[in-house]
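Undergrad: Below is a structure I'd like to ask you about.
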Amino acid sequence: MQKPIIYFLCTGNSCRSQIAEGFAHKYLGDKYEIHSAGIEAHGINPRAVSIMRDAGIDITGQQSSIIDPEILNHADYAITLCGDARDNCPVTPSDVIHLHWGFEDPAKAKGSEEEIYSAFRQVRDDIEKRIIQFKNEGK
């Protein structure tokens, strides 16, 4: 039997969707097929790699890619992580459950290096909580 598909979508598939994919593999990978993509592909942000490594998750093997209509049309869940993806994502079939989890873009954080990393950690921790909540809801 094929696993249900979760597709995490964001603007550039560089931070938030990569973080979500990493946590989803950790918490949901035994029950779901996990993918992420963006409206554009900006490459994986090195700070996202670093803060995920701090959480014990290696996302360096993940790919930054644009939305694949084939995956989107066969997904069970399309989860947008930013307003841009929510507003500009291709239309999904009615049987795809669309959830929106809006998170600030940590790549736009300003300040010292510590302040920027703090913004990345906050988004990482918030995404992890949402993934755990999704798992606990028995989806």
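Undergrad: Taking θ = phi - 60°, what integer Hz values does the Karplus form 6.51 cos²θ - 1.76 cosθ + 1.60 yield along the range 60-69, in sequence order, with x for Gly and Pro?
TA: 5, x, 7, 10, 8, 9, 8, 4, 9, x
Undergrad: Quick one: length gained pulling K3 to E40 fully straight, 0.36 nm per residue minus the C-alpha distance?
TA: 10.7 nm
Undergrad: Follow-up question, since we're still on this one. Using mean Cβ contacts within 10 Å as the protection proxy, how do 31-42, 62-73, 9-20 order, highest first? Please list the in-between numbers first.
TA: Values: 31-42: 19.5, 62-73: 15.4, 9-20: 28.2.
Highest-to-lowest ranking by the protection proxy: 9-20, 31-42, 62-73.
Undergrad: Another question about this same structure. Do any of K110/K135; K108/K129; K3/K110 go past 31 Å between their Cα atoms, and which?
TA: Listed pairs above 31 Å: K110/K135; K3/K110.
Undergrad: With all pairs of different alpha carbon atoms counted, what Kirkwood hydrodynamic radius in Å does the range 5-136 show?
TA: On the way: mean 1/r = 0.0690 Å⁻¹.
Answer for the range 5-136: a Kirkwood hydrodynamic radius of 14.5 Å.
Undergrad: Could I ask something else about it? Per-residue ellipticity at 222 nm for the chain, helices alone: DSSP H runs ≥ 4 residues times -39500 (n - 2.57), over residue total, nearest 500 deg cm²/dmol?
TA: -13000 deg cm²/dmol
None of the figures in this text is laboratory data; all of them are computed from the coordinates on show. This one's a predicted model, so the numbers in the text were calculated from it and none came from an experiment. Quick reminder, even Gly has a Cβ in these numbers, built from the backbone with ideal geometry, and neighbours come from all protein chains shown.
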